[in-house]
Amino acid sequence: MSRDRLPPPARFVKYRDVAYRVQHMPGKWWITADHAVDESFVQKGRRTFTRQLTHEDVLECYDLARPGTYRGLVVEVSTTTAGAYVVTTRDPGASAEGFERRDHRTPLEKEIAFEDTELEFTTTLTPVPMPWKLAHDWDSFTERLVDAFRDVTDGVFLIVHAAAEPRRYVQFTAVPDRLYAEAPGTDVWADTDEVQLRRFDWAAPIVTQPNWTAELRRPALTAEFRRLARACAAALHEAYGITSPDELTYRAWRQPMGDQAAAVRFLALGLG
């Protein structure tokens, strides 16, 4: 690709050996071409053809970036204009080097001539998981968790956690008219994104309860079980950074009267 047609940093996939930028909105991912690459592309405009990505699409996916330096500043090459690179930085000191901000939401920006040897950068291609497949996998996990909730009855305990790091978990127990869920905060897992826990309506810890909590009155509607399951999936994926449900396992047991605990098998979860 010629220097004056650099694509901006973004997420791309390889489809039939051609790189396409991944576009998305909640619950939907697609790629766009200016012609019908094959029968899977649907015409959306005179010269716009799109192909929706589904969980069955196994494609090479990567993030393209161009990190670099310019006069001691950490920068990124965004794209090009005629004869110049468009370079951005978030270093506030860049104003002294002629970088300007288009508005308060954007980084500082400057056009730097191709011939300017003070600009140095590399192009990096970082492989990433396929987001359209991950979204499907987490949706499927959420539905399996809904089914599992129905079996978390009085005296049953269930913990779903990262197989590699059990401190990243959600746990459940119940009494006859309640289902309780707990998720640890930064005191257990230092990298917990508690903003995400709050975003999905987990109740913050209090003196008598160190974990984040959620509960559901029973009997409950399927929609109510699903809402709680989504909050739990979000805790695992968004708050604890677990990429895929494939990284999860679980422990479950029933606590009868006395000290004996019986293992419980949750076939619905489908986890290791």
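The values are calculated or read from the model by the stated rules, or taken from the named source; none is laboratory data. What you see is a predicted model, and the numbers here were worked out from it, not measured in a lab. Every residue, glycine as well, gets a Cβ built from its backbone with ideal geometry; the counts of neighbours run over all protein chains shown. Surface accessibility is based on the protein's heavy atoms, side chains included, excluding ligands, DNA and RNA. Shrake-Rupley method; radii C 1.70, N 1.55, O 1.52, S 1.80 Å.
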Report task. Using only alpha carbon pairs under 8 Å that are at least six residues apart, calculate the relative contact order of the stretch 1-141 and give it in whole percent. Result -> 24 percent
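Could you sort 92-99, 142-149 so that the peptide with the highest average Cβ count within 10 Å comes first and the rest follow in order? Spell out each step's value before the answer.
Numbers: 92-99: 14.9, 142-149: 20.2.
Final packing ranking: 142-149, 92-99.
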Report task. Compute the distribution of all C-alpha to C-alpha distances in the chain, in bins of 5 Å from 0, and list the percent of pairs in each, rounded to whole numbers. Result -> 1, 5, 10, 12, 12, 11, 11, 10, 9, 7, 5, 4, 2, 1, 0, 0
Query raised in the report: How much net charge surrounds PRO127 when only the other residues with a Cβ under 15 Å from the Cβ of PRO127 are counted, with Lys and Arg +1 and Asp and Glu -1?
Result: +1
Query raised in the report: In whole Å, what are the Cα extents of the stretch 59-189 along the three principal axes, biggest one first?
Result: 72, 35, 28
Report summary line: Placing each pseudo-label 7 Å from Cα in the direction of the beta carbon, THR54 and LEU221 end up separated by a distance in nanometres of 3.0 nm
**Report entry** the stretch 178-235 - Rg and Dmax from Cα coordinates, angstrom
**Finding:** 11.7, 35
Query - Ranking by accessible area, most exposed first, for MET25, MET130 with a 1.4 Å probe - result: MET25, MET130
Query raised in the report: So what's the angle, to the nearest 10 degrees on a 0 to 90 scale, between helix 222-234 and the longest Cα principal axis of the chain?
Result: 60 degrees
**Report entry** Sites ALA113 and ALA19 - FRET efficiency at Förster radius 25 Å, r taken between beta-carbons, to 0.05
**Finding:** 0.40
Requested in this report: May I ask for the angle, rounded to the nearest 10°, between helix 131-149 and the longest principal axis of the chain, with both axes built from Cα atoms and the value confined to 0 to 90°?
Outcome: 10 degrees
Report summary line: Spelling it out for VAL156: with amide H atoms placed in the peptide plane at 1.01 Å from N, the residues 5 or more places away or on another chain with amide H under 5 Å from its amide H are ALA174, GLN255
Report summary line: Result for the chain: accessible area per residue, probe 1.4 angstrom, in square angstrom, of 58 Å²
Query raised in the report: Using a 1.4 Å probe, how large is the accessible area of ASP191, given in Å² and rounded to the nearest 10?
Result: 120 Å²
Report task. Find the relative contact order for the chain and round it to a whole percent, using C-alpha pairs within less than 8 Å whose residues are 6+ positions apart. Result -> 14 percent
Query raised in the report: For the chain, modelled as a GNM with alpha-carbon contacts under 10 angstrom, which of ALA203, ALA181, ALA82 fluctuates the most?
Result: ALA82
Query raised in the report: Which of PRO107, PRO26, PRO129 moves most in a GNM of the chain, Cα contacts under 10 Å?
Result: PRO26
Query raised in the report: Of GLY270, PHE114, PHE12, which is farthest along the charge dipole of the chain in the positive direction, counting Lys and Arg as +1 and Asp and Glu as -1 at C-beta?
Result: GLY270
Report summary line: Applying the gyration tensor rule to the Cα atoms of the stretch 5-109 (axes a ≥ b ≥ c; rounded if a/c under 1.5, else prolate if a/b exceeds b/c, else oblate), the class is prolate
Query - Cα centre as origin, Lys/Arg/Asp/Glu Cβ charges: the stretch 160-233 dipole, Debye - result: 320 debye
Requested in this report: Could you give the size of the charge dipole of the chain about its Cα centre, using +1 on the Cβ of each K and R and -1 on the Cβ of each D and E, expressed in debye and rounded to the nearest 20?
Outcome: 760 debye
Query raised in the report: Points 7 angstrom from Cα along the Cβ direction at LYS44 and ASP63: gap in nanometres?
Result: 2.3 nm
